[in-house]
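Following: one structure in structure tokens, then a few remarks.
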Amino acid sequence: MPTINDRRPKMRIGYGFDSHEFFSGVPLKIGGVMLPHDKGLGGHSDGDVLLHAITDALLGAIAGPDIGALFPPSDPNWKGADSVIFLGEALKRVRSAGYRVANMDASLILAAPRIGPHAEAIRGRVADLLQVDADCIGVKAKTPEGLGTSNTAIAHAVVLLESEPAQAKPLKKNLSNAKAAGRRTTRSKRGR
Ligand SMILES: [Zn+2]
């Protein structure tokens, strides 16, 4: 008979969506990268539409609570918050569920600024945050043809998680071995 562990999927997919409106005089941050532009994204936090979509994709993949439930806009703690915090919490939950990120793909839909010149920087930053190689991060940008959303930035993200074979246990073991080795060294020094 299969145990609960056997039934745990080896891979899980997650999807996230977000949108924010542009406002003058607000810094523009997308994918954790500051972009030069005369408008930025409004919202309770720093308005990083891409990191919010990725955060929801990570949380969705493990069937967790969504970003709004974990970081309610009504909570003054998150006013102007760096969205890296949200992503970090989602990633922590992914790890404790026993998974790691395999790859992530996103589409950004916005009229301006052009993302092309910044795409590599965004991919690099998101790769660092998700702790994967940049070639596992896709960031595509489109203009909102026919959507009538020229003052809005929209992000869609999908992530694939892969099962991380019980990494926490060997790490602890190594740590206690190291501690034991440390004790032995200390003792032998004392002995001398
Ligand atoms: Zn958002």
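Using Cα pairs under 8 angstrom and six or more residues apart, how large is the relative contact order of segment 37-136, in percent? Can you show the working numbers first?
On the way: 78 pairs, mean separation 27.5, N = 100.
The normalised contact order for segment 37-136 reaches 28 percent.
Report the gain in length on full extension from residue 114 to residue 97: 0.36 nm times residue separation, minus Cα-Cα distance, nm rounded to one decimal. Don't skip to the answer; put the middle values down first.
Values: separation 17, 0.36 × 17 = 6.12 nm, distance 3.70 nm.
Working it through step by step, the gained length comes to 2.4 nm.
Identify the trypsin sites (Lys or Arg not before Pro) of segment 1-106 meeting these criteria: DSSP loop state and at most 16 other C-beta atoms within 10 Å of the C-beta. Intermediate values should be presented prior to the final figure.
Numbers: sites: 7, 10, 12, 29, 39, 79, 92, 93, 95, 100; in loops: 10, 79.
Counting only loop positions with at most 16 other Cβ atoms within 10 Å, the trypsin sites (Lys or Arg not before Pro) in segment 1-106 are 10, 79.
Rounded to the nearest 20 Debye, what is the dipole magnitude of segment 4-164 about its Cα centre when Lys and Arg each give +1 and Asp and Glu each give -1 at the C-beta?
Working: 16 positive and 19 negative charges, 53 e Å.
Result for segment 4-164 is approximately 260 debye, rounded to the nearest 20.
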Legend entry - Hz values of 3J(HN,Hα) by residue in segment 42-58 - Karplus curve (6.51, -1.76, 1.60), Gly and Pro given as x: x, x, 6, 8, 7, x, 6, 4, 6, 5, 5, 5, 5, 4, 5, 5, 4
Legend entry - Within-12-Å neighbourhood charge of residue 49 [Cβ basis; K, R +1; D, E -1]: -4
Inset, instruction - Using the Karplus curve 6.51 cos²θ - 1.76 cosθ + 1.60 with θ = phi - 60°, work out ³J(HN,Hα) for each residue of segment 151-157 in order, rounded to whole Hz, and write x for Gly and Pro. - result: 9, 10, 10, 10, 9, 10, 9
Inset, instruction - In whole Hz, with x marking every Gly and Pro, tabulate ³J(HN,Hα) for segment 137-149 from phi via Karplus 6.51 cos²θ - 1.76 cosθ + 1.60, θ = phi - 60°. - result: 10, x, 10, 10, 10, 9, 8, x, 4, x, 8, x, 10
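Can you pull out the GluC sites (Glu not before Pro) in segment 113-164 whose DSSP state is coil and whose Cβ has at most 15 other Cβ atoms within 10 Å? Provide the component values of the computation, followed by the final result.
Working: sites: 120, 145, 162; in loops: 145.
The qualifying sites are 145.
Quick note: the coordinates plus some simple rules give every number you see, no bench work behind them. No experiment lies behind these values; they were computed from the predicted model shown. Ideal geometry is used to build each Cβ from the backbone, glycine not excepted, and the neighbour counts take in all protein chains shown.
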